[in-house]
1. Does CYS363 count as in a loop (DSSP other than H, G, I, E, B) and out of contact with any Phe, Trp or Tyr (no Cβ under 7 Å at 6 or more places or on another chain)?
2. Inside the stretch 275-358, counting only helices (runs of 4 or more DSSP H) that do not spill past its ends, which hold 3 or more residues that are surrounded by fewer than 21 Cβ atoms within 10 Å (Cβ to Cβ)?
3. Do we find a residue being part of a helix (DSSP H, G or I) and among the aliphatic types (A, V, I, L, M) anywhere in the stretch 169-189?
4. Taking only the stretch 353-389 into account, find how many residues are among the polar types (S, T, N, Q) and within 27 Å of ALA422 (Cβ to Cβ).
5. Given the options ASN197, ASN167, ASN163, name the one that is in contact with a helix residue (DSSP H, G or I) (Cβ under 8 Å, 6 or more places away or on another chain) and among the polar types (S, T, N, Q).
6. I need every pair where a residue in the stretch 343-365 that is touching a residue at least 24 places away in the same chain (Cβ under 8 Å) and within 21 Å of TYR287 (Cβ to Cβ) has its Cβ under 8 Å from the Cβ of a residue that is among the charged types (D, E, K, R) and in a strand (DSSP E or B), sequence separation at least 6 or different chains.
7. Which residue pairs have Cβ atoms closer than 8 Å, lie 6 or more positions apart in sequence or on different chains, and pair a first residue in the stretch 402-431 that is over 10 Å from ASP388 (Cα atoms) with a second residue that is of a type in the set (S, T, N, Q) and modelled with pLDDT of 80 or more?
8. Which numbered condition in (1) polar (S, T, N, Q); (2) modelled with pLDDT of 90 or more; (3) in contact with a Phe, Trp or Tyr (Cβ under 8 Å, 6 or more places away or on another chain) is the only one that SER145 fails?
Amino acid sequence: MSRSRSPSKKYLKISCTNGESHLSNLPDGIISKKVSCLPRKDAVRTSVLSKDWEYKWTSIDNVDIDDKMLFSTQRTKKTSFVNFVERILLSHNVKSFRLLCSETYECSRLTTLMAAVLRRNVESFEVNCLQYNIVLPRSLLSCASLRELKLNLPCTFRVPSKNCFPNLTNLYLERVDIQNELSYTDPLEFTFPALENFELIKCNWLNVKYVEIYAPALTMFICLTPTFKINDYSIKIRGASLVKFESSGYPLENIILTGSTVAYAIVNRYWPALEGVEELEITGLQYRLQLKEFKGLKKWELSTSIAKAIALSKHGAPLPIYNELEQLVLSDLNNNIEALLELLHAAPYLKFLIVNLRCLQDCDYDVIESVPSCIISHLEEVKFYCFDGKECQLKLAKFLLKNATELTKVYFCRCGPRYFSAMENDSILEQLSTLPKCSARLKFFVSLESEYEVSFLLTFVPFH
């Protein structure tokens, strides 16, 4: 007796009544919605279902193409891929376009493809490509319909001195070098009336001394680069109310906030190991002046090098008072206790303090003349990570605990490649239990397990 074969799960069985499928009886809007959820190659395949479906796929205005999903890396397949994309663009109205290329293609054809998309009043435009020497089309500068632009490709984008993107709300550029078409002294001006999020990742500004950005709706600005070189240009942001500001690699003095406010700032600056004390002191003096732009901060994350530069420039201009600052994060305290105390003096209403103790050095806390007022009257929670029970770490904890009257929680988190032995655990717990406590409501939370990634989403075990 022959066994009946079950229908393959790969295909849909469409029941028919009077020669018509139930699927075809659905409204066109629902059909377009369903087809738009398919990978592009599968959407095209629906044209063979029936004569009515021959051109259904062309009504999709969301074009999302990934060459990994369509063709192999053979040369003939590469040509087929570009031809396939061109055919789609000839038959589509495009609102959203996303192109991911893991292989290299003829640069001129890719430029032509991008220009064709931009002529169709596209609203969301994304290109992610590995190859070099791609020329971005000039129509990118005049596409008024753009609301979201994301470019991740190593290329040079030549722009005139004045640029306006009236409807752009999200801008993400990675590995894109922005070059001034005119002379070095002519400033580059960008007007973004609707821009909310602006990210620059590993980008450079070429042949330019001044960059001015007017973006009154901007809420997030991120500027990250691994470069150590000192840049001789400045980026001025006017009229923004930033919820988040993040800068890494760029000297802070190169970013000027004019008439702008910041609620949450992450500032990292890395110097080569050969950078001398004198250079760091000069940088610290510049930072003290620039930090006046951040008076409205509510949360602040600082790298070790920033704290060190502040400590070395202690005779410079005093830090502004951050009356709204509630959370301070120091990624590595190192030996910058003076910088920590100055930052705490500048934040009278600080509630949460997070400190990395990895490279902390010894300090005599008995000679400190003035305890910051935030420790005495406002500090509620402290988190120490990279804690391993060293004497210098316990001294800092003791200083905070004996002066913080409002402190309710202190977390001690072990982070590193090594687990403590049971004997080491018991010794550390015993030392913690003997620390003086100024606050009657204080509770210890300890995690002495090894953790490679710093995270405070651990399940802490309360210590009694």
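The values are calculated or read from the model by the stated rules, or taken from the named source; none is laboratory data. No experiment lies behind these values; they were computed from the predicted model shown. Positions of Cβ are backbone-derived with ideal geometry, glycine not excepted, and every protein chain shown enters the neighbour counts.
1. Working: in a loop (DSSP other than H, G, I, E, B): yes; out of contact with any Phe, Trp or Tyr (no Cβ under 7 Å at 6 or more places or on another chain): yes.
Yes, satisfied.
2. Numbers: elements: 277-290, 304-312, 337-345.
By residue number, 277-290, 337-345.
3. Pass one, the stretch 169-189, residues part of a helix (DSSP H, G or I): none.
Within the stretch 169-189 (the criterion being part of a helix (DSSP H, G or I) and among the aliphatic types (A, V, I, L, M)), the answer is no, since none of the residues qualifies.
4. Initially, the stretch 353-389 is screened for residues among the polar types (S, T, N, Q), giving 356, 361, 370, 373, 377.
Still in the running and within 27 Å of ALA422 (Cβ to Cβ): 356.
Final tally of qualifying residues: 1.
5. On inspection, the qualifying residue turns out to be ASN163.
6. LEU353/GLU381; LEU353/LYS383; ILE354/LYS383; VAL355/LYS383
7. ALA404/SER439; THR405/SER377; THR405/SER439; GLU406/SER377; GLU406/SER439; LEU407/SER439; THR408/SER439
8. Failing condition for SER145: (3).
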